[in-house]
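The structure appears right after this line, and notes come after that.
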């Protein structure tokens, strides 16, 4: 599990780990939610434009239908998947497949995001990565929404979000 705020390098780290597995000649499959078309319809792409081929899926259960003869499964933007993802990841791991997941641990309101807490609980290893606060330069772990849209899922980049540290995040929320 790789988790953290927006702009913290989650997808970059996921791609790095999966490319290392491919370099080691392991069979790798990568999945992402079909709704995430920010950089590419199919590929997983980081903010730094690093990319790896992937298969977009509508629901977590589809991953089990598409996985065959692999050693490593990568899943990006896990927070956008349904609760079934916990079962899917456990099933894959129980088959001896290494599962590498990346996703936001908190939503824009600072609450645990979707299925992420359950995935973190069942993961053998959890890596929390941090961005840099756009206000003060400290380590940032909040994805602060700068637009007025209040819907939970709002795909966006710097047009909707900035990374903030705890202090700057709470100050910004108080001033809204």
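FYI, it's all coordinate maths here, none of it is from the lab. Values in this document were obtained by computation on a predicted structure and should not be read as measured data. Quick reminder, even Gly has a Cβ in these numbers, built from the backbone with ideal geometry, and neighbours come from all protein chains shown.
Details
- Computed E for residue 16/residue 61 - FRET, C-beta separation, R0 35 angstrom, nearest 0.05: 0.80
- Computed label-point distance, nm, for sites residue 126 and residue 90 using a 7 Å Cα→Cβ extension: 1.7 nm
- Computed Rg/Rh of region 2-129, alpha carbon atoms with Kirkwood Rh: 0.92
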